[in-house]
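Here the structure comes first, spelled out in C-alpha cells, and everything after it is commentary.
All of the numbers you see were taken from the coordinates with simple rules; none came from a lab. The structure presented is a predicted model; accordingly, all values stated were derived computationally and were not measured. Positions of Cβ are backbone-derived with ideal geometry, glycine not excepted, and every protein chain shown enters the neighbour counts.
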There are 2 protein chains.
Amino acid sequence: MTGPLFIAGDWGTSHLRLYLCGEAGVIDRKTGPGAVGAAEPHAAILMSRIQPWIDRHGPLPVLLCGMVGSRNGWVEAPYAPCPAGAADLRRLAVALEVQGLKVAIVPGVAGQNPRGAPDVMRGEEAQIIGAIRLAPELGQGRRLVCHPGTHAKWAVIEDGRITGFQTAMTGELFALLRDHSTLGRVGGEAATPGDGFALGLARAEETAEAGLLHALFETRSRQLIDGWGAAFAMDFLSGLLIGADVGGALAQFGREAGEVALIGDPALAERYGRALARRGVAVRSLSGEDCALAGLVAIFETGKDAPHVAR
Amino acid sequence: MTGPLFIAGDWGTSHLRLYLCGEAGVIDRKTGPGAVGAAEPHAAILMSRIQPWIDRHGPLPVLLCGMVGSRNGWVEAPYAPCPAGAADLRRLAVALEVQGLKVAIVPGVAGQNPRGAPDVMRGEEAQIIGAIRLAPELGQGRRLVCHPGTHAKWAVIEDGRITGFQTAMTGELFALLRDHSTLGRVGGEAATPGDGFALGLARAEETAEAGLLHALFETRSRQLIDGWGAAFAMDFLSGLLIGADVGGALAQFGREAGEVALIGDPALAERYGRALARRGVAVRSLSGEDCALAGLVAIFETGKDAPHVAR
C-alpha cells in the first residue's frame with residue numbers, strides 16, 4: 001500500500017471541501033466554510049487547512065475545482081470549450097506554485113445551448129466527469145445530465161465529454177417570486193412536494209404553449225379567489241417552475257436518452273425526479289459532493305504518470 | 001346648456017384623477033396624488049378635492065373606479081362576474097353616502113383565463129368600457145384588448161362585454177430580473193426600444209417551445225462572453241419578456257381579432273406594438289387616462305334616467 005497521491009479540493013462560494021486521496025480512495029477529509037473571494041488570501045486559507053497533511057506526507061499536488069477559478073476567485077481559470085472531457089480539463093487547468101506545492105485549478109466549460117447562444121458552467125463540469133467515473137455507462141453514447149439549483153444546468157454528454165449545455169434560472173426565479181413578488185412574501189414552500197406541487201407540474205404541461213408569464217398569476221388568483229394557503233401556493237409555484245424547466249429541457253435536448261442523471265441536492269432531485277417521471281423519463285440521482293470528488297480524481301488521473309485511485 | 005351632471009374619479013394606488021362632467025363633456029379636472037390606503041380617510045381626501053365643485057354646483061353624484069374599491073381601499077366593491085359590461089358594473093357598484101353626496105364605487109371583474117383558472121382585474125374594466133365608448137367598433141363582435149404593465153391584462157370583449165381575461169406578470173418579472181437577479185443590477189433599460197429589444201423579440205419566438213426559463217440566461221451569458229453592454233442586455237430582456245407575453249397571449253386568445261387595442265402607457269404600448277407587428281397583428285393605441293374617464297361616463301350613463309355626456 002502506498003501513501004497519499006494528491007489533495008482534491010471543491011471550493012465554491014460558501015464551502016471548501018478538501019480530500020486527501022490515495023490509491024485506495026479517500027484517506028482523510030476536511031470540510032468547512034471557505035468562501036471564494038473572502039478577505040483572507042486564498043493561499044493562506046488553503047495552507048491553513050492542509051498543513052497537517054503536508055507536514056506528515058510531504059509536498060503533495062493539489063487539484064481544485066469550483067468558483068475558486070472564477071474571475072472573482074483566486075486565479076481565473078479560463079473556460080474550456082466544448083467538447084470537454086477529463087483530459088481537456090486537466091490540460092487547461094491553471095498551474096500555481098504555493099509554498100513549494102503544485103496547485104492546479106480546473107477550468108469551467110464554455111459551450112452553446114441548442115440555439116447557439118453561449119453558456120458557461122463552473123464547478124458542474126467536475127461533477128459531470130465524476131458522475132461518469134461513478135457510473136461508467138454515462139460515458140457511453142449520448143446522455144442527459146441535470147444539476148437542479150439556483151441556475152439549473154442541463155448538459156449533454158457524448159462519449160464521455162460535455163458537448164453542450166443550457167442554464168435555466170429556475171431556482172433563482174423561484175426565490176425571486178417567493179420573496180419579492182406579489183405571488184409570495186409569505187414564507188417558505190412545503191418541505192416535501194405535495195398536492196400543490198403535483199398541480200403545478202400538471203399546469204406546466206397544460207400551459208406549455210401559453211408560457212410561464214401567462215401561467216404564474218394563477219398562484220396569486222387562487223389565493224385571492226379560491227382560498228389557497230400560502231404554503232400550498234408556493235408548492236404550486238415550485239411545480240409550475242420545475243415542470244416548465246423539465247418540459248423546456250426535454251423539448252430542446254430530446255427524450256431519446258431514456259434517463260436523466262440528476263446531480264445535487266436530494267430534496268431538489270426528488271422534485272425534478274417527479275417532474276421527469278410525469279413525462280415518462282427515468283432518473284438516477286447522484287450526490288453532488290461524491291461527484292465533485294470523483295471528478296477531481298478522474299481529472300487527476302488523466303495527468304501523465306498519475307497513478308490511479310480506487311473508485 | 002345644462003350644468004354638471006356628475007363627478008368621475010379614477011383612484012389608484014398612486015393617483016386620484018377627478019373630473020367634473022357635464023352633457024358637453026369634461027368641465028373641469030383635478031389630478032394629483034391620492035394613494036389608496038393612505039393614512040388620511042378616503043372621504044376626507046375626496047371631499048377636500050371636490051368641495052369647490054360642490055359649493056358651486058350642489059350635491060353631484062360621484063362615481064369612482066380603481067383600487068379605491070379593493071380590500072385595502074375605501075370600501076370593498078366585490079368583483080363582478082364575466083360577462084361584464086357597463087350596465088353590469090353600474091348595477092354592482094357599491095353605494096355610499098358621504099356628507100349628503102351619493103358616491104358609488106365600480107367593482108372589479110372576476111373571470112376565468114382560457115384554462116379555467118380564476119383571474120381578477122380592478123381598474124382595467126372601466127378602461128375597457130371606456131375604450132368601447134371612444135372606439136365603438138370595439139363593441140362589435142369579438143375583440144382583444146391588452147393593458148401592458150406590471151401585471152399585463154389581456155381581455156376578450158364580446159359584443160361590448162368583457163367575457164374572459166388573463167393576467168401576465170410581465171412588468172413585475174422584468175423589474176425583478178433587472179433589479180434583483182444575476183441578469184441585472186445594472187441600471188435601466190434603453191428609453192426607446194433598440195436592436196437589443198428586436199433581438200429579444202426574435203429570441204422569444206425561437207424559444208417558444210423551450211420556454212422562458214431556458215431563454216433568460218442568454219441575457220447574462222452574452223454579457224460574460226460576447227461583451228454585451230448592460231443597457232443592451234436589459235433591452236434584450238425587455239424584448240424577450242414582451243415577446244413571450246405576446247406570443248403566449250396570441251396562442252391562447254387567437255389572432256382572429258385581427259387587431260389588438262392597447263390601453264395605457266405610450267412607451268410600453270410602443271414596445272407591445274412592435275412585438276405584435278412582428279407577428280402580423282395590427283394595433284390601435286388608446287390612452288389609459290382617456291379610457292378610464294370615458295368608462296366612468298359610460299357606466300354613469302347606464303344608470304336609470306342618467307343624462308348622456310358628449311363623447
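Residue by residue through B:248-254, how many Cβ atoms from other chains fall within 10 Å of the Cβ on average?
Partner Cβ neighbours, averaged per residue: 4.
Using only the alpha-carbon atoms, how far is helix A:42-57 inclined from the longest principal axis of chain A? Give it as 0 to 90 degrees, nearest 10.
Once rounded, the angle reads 50 degrees.
What's the extension gain from B:ALA24 to B:LEU224 if we count 0.36 nm per residue and subtract their Cα-Cα distance?
Using 0.36 nm per residue and subtracting the Cα-Cα distance, I get 66.0 nm.
Once the Cβ-Cβ distance between B:ALA87 and A:ARG71 is put in as r, and R0 is 51 Å, what FRET efficiency do you end up with, to the nearest 0.05?
Rounded to the nearest 0.05, the efficiency is 0.20.
Net charge near B:ARG222: determine it from the other residues with C-beta under 13 Å of the C-beta of B:ARG222, scoring Lys and Arg +1 and Asp and Glu -1.
The answer is -2.
Helix A:266-278 versus the longest principal axis of chain A: what angle, 0 to 90°, nearest 10, using Cα atoms?
50
Each label point is 7 Å from the Cα along the Cα-to-Cβ direction; what then is the distance between the points at B:SER48 and A:ALA267, in nm?
A separation of 4.9 nm, rounded to one decimal place.
Hey, if you put +1 on the Cβ of every Lys and Arg and -1 on every Asp and Glu Cβ in chain A, which of A:GLY239, A:SER285, A:THR2 ends up farthest toward the positive end of that dipole?
Going by the charge dipole, the pick is A:THR2.
Using the basic label-point model (7 angstrom from Cα toward the beta carbon), what is the B:GLU40 to B:ARG142 distance in nanometres?
Those two pseudo-labels are separated by 4.8 nm.
From Cα pairs below 8 angstrom and at least 6 apart in sequence, can you work out the relative contact order of chain A, rounded to a whole percent?
Value for chain A: 18 percent.
Roughly speaking, what is the stretch gain from A:ALA231 to A:SER14, that is 0.36 nm per residue apart minus the C-alpha to C-alpha distance, in nm to one decimal?
Stretched out fully, the A:ALA231 to A:SER14 stretch lengthens by 75.3 nm.
Evaluate the charge dipole of chain B about its Cα centre and quote only its size in Debye, nearest 20, assuming +1 on the Cβ of each Lys and Arg and -1 on the Cβ of each Asp and Glu.
With only Lys, Arg, Asp and Glu charged at Cβ, the dipole is about 240 debye.
Of all DSSP beta bridges in the protein assembly as shown, what percent run antiparallel (nearest 5)?
Around 70 percent antiparallel, to the nearest 5.
Let me know the number of lysine pairs in the protein assembly as shown closer than 21 Å at the Cα, not counting same-chain pairs under 8 apart.
For the protein assembly as shown, qualifying lysine pairs total 4.
Only Cα pairs under 8 Å and at least 6 apart count here; give the relative contact order of region B:87-132 as a rounded whole percent.
25
Rounded to whole Å and ordered largest first, report the semi-axes of the equivalent ellipsoid of the protein assembly as shown derived from its Cα gyration tensor (root of 5λ).
59, 23, 21
Divide, for region B:131-220, the radius of gyration over alpha carbons by 2.2 N^0.38 Å, where N is the residue count.
1.38
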